[in-house]
1. Quick one: which residue in 63, 54, 108 is surrounded by 15 or more Cβ atoms within 10 Å (Cβ to Cβ), within 15 Å of the ligand (Cβ to nearest atom) and modelled with pLDDT under 95?
2. Just to be sure I understand the filter: pairs with C-beta atoms under 6 Å, separated by 6 or more residues or on different chains, first member in region 46-58 and touching a residue at least 60 places away in the same chain (Cβ under 8 Å) and over 19 Å from residue 107 (Cβ atoms), second member near the ligand (Cβ under 6 Å from one of its atoms) and part of a strand (DSSP E or B). Which pairs pass?
3. Can you name the number of the only condition in (1) more than 13 Å from the ligand (Cβ to nearest atom); (2) touching a strand residue (DSSP E or B) at 6+ places or on another chain (Cβ under 9 Å); (3) more than 28 Å from residue 184 (Cα to Cα) that residue 38 fails?
4. Could you please find all residues in region 145-186 being assigned to a loop (DSSP other than H, G, I, E, B), within 21 Å of residue 105 (Cα to Cα) and in contact (Cβ under 8 Å) with a residue 40 or more places away in the chain?
5. If you go through region 215-226 one residue at a time, do you hit one that is out of contact with any strand residue (DSSP E or B) (no Cβ under 8 Å at 6 or more places or on another chain), surrounded by 16 or more Cβ atoms within 10 Å (Cβ to Cβ) and over 21 Å from residue 114 (Cα atoms)?
6. Inside region 1-110, counting only helices (runs of 4 or more DSSP H) that do not spill past its ends, which hold 3 or more residues that are over 24 Å from residue 132 (Cβ atoms) and touching a helix residue (DSSP H, G or I) at 6+ places or on another chain (Cβ under 9 Å)?
7. Quick check on region 16-23. Is at least one of its residues in contact (Cβ under 8 Å) with a residue 60 or more places away in the chain and surrounded by 18 or more Cβ atoms within 10 Å (Cβ to Cβ)?
8. Yes or no: region 74-81 includes at least one residue that is touching a residue at least 24 places away in the same chain (Cβ under 8 Å) and under 15 Å from residue 120 (Cβ atoms).
Ligand code: BTN
């Protein structure tokens, strides 16, 4: 792992910090990364964070857990969801190179059918109307075959394919290549193209499903769109439209 990461670092001209064990790569990336594209990667995290205040855990040496720094100064604060779109698309596109048919579950979980294969935790620093720094934390289930039974629906690249084993630095490189292309596209005002690719990759788009609000109210509806600011638009069976921010609806 370490020597392949050194090659990766030379190839891309970025700093890669490799740690056997740490608290959370997102926290370390905040301290040690200085240039766009720099990465912190760990075999093991004692305080790995997920979305909605959840923990992210992974057995040592089987999966990918890393954080990278982006400085999307070309985006305004209200356009921050484009970072999430580009990153989740890059993860999906990377999986597809390995015959893993991944989709994006809004806002940025990565699913194969009804099983979660990767998670993304993005933390932005915003000053005034600009995003000065984005720490992109990604956990990808690569070679893990057995999961804690308390996890609702996990899967991995190894479980989804007939391959026994994937080289994790190859997977990281594939993701990095995809992200570089999508991020360039975003910087060249390719927002409409990113929007369209995100919608094409959206899990359950246009399919009837049960949605639950935090108060417990559930209803049947269909995802119709994700708006530029990241809010989801759901149409219920009576034809009424509901618009939610992240955490305001689950499904
Ligand atoms: C989720 O809940 O789906 C997001 C999971 C994000 C996990 C990754 S692992 C690397 C990075 N460091 C963290 O503490 N979290 C992210």
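The values are calculated or read from the model by the stated rules, or taken from the named source; none is laboratory data. Bear in mind the structure is a predicted one, so any value in this text is a computation, not a measurement. Here the Cβ positions follow ideal geometry from the backbone for every residue, glycine too, while neighbour counts run over all protein chains shown.
1. On the way: 63 fails: modelled with pLDDT under 95; 54 fails: surrounded by 15 or more Cβ atoms within 10 Å (Cβ to Cβ).
One residue alone meets the criteria, 108.
2. 58/65
3. (3)
4. Applying the first criterion (assigned to a loop (DSSP other than H, G, I, E, B)) to region 145-186 yields 145-153, 155-156, 161-167.
Still in the list and also within 21 Å of residue 105 (Cα to Cα): 147, 150-153, 155-156, 161.
Listed by number, the residues that qualify are 155, 156, 161.
5. Of all residues in region 215-226, those out of contact with any strand residue (DSSP E or B) (no Cβ under 8 Å at 6 or more places or on another chain) come to 215-217.
The next check asks that each one be surrounded by 16 or more Cβ atoms within 10 Å (Cβ to Cβ); those that pass are none.
Among the residues of region 215-226, not one is out of contact with any strand residue (DSSP E or B) (no Cβ under 8 Å at 6 or more places or on another chain), surrounded by 16 or more Cβ atoms within 10 Å (Cβ to Cβ) and over 21 Å from residue 114 (Cα atoms), which makes the answer no.
6. Numbers: elements: 2-12, 25-32, 81-97.
By residue number, 2-12, 81-97.
7. First pass over region 16-23, keeping only residues in contact (Cβ under 8 Å) with a residue 60 or more places away in the chain: none.
No; the residues of region 16-23 include none that is in contact (Cβ under 8 Å) with a residue 60 or more places away in the chain and surrounded by 18 or more Cβ atoms within 10 Å (Cβ to Cβ).
8. yes
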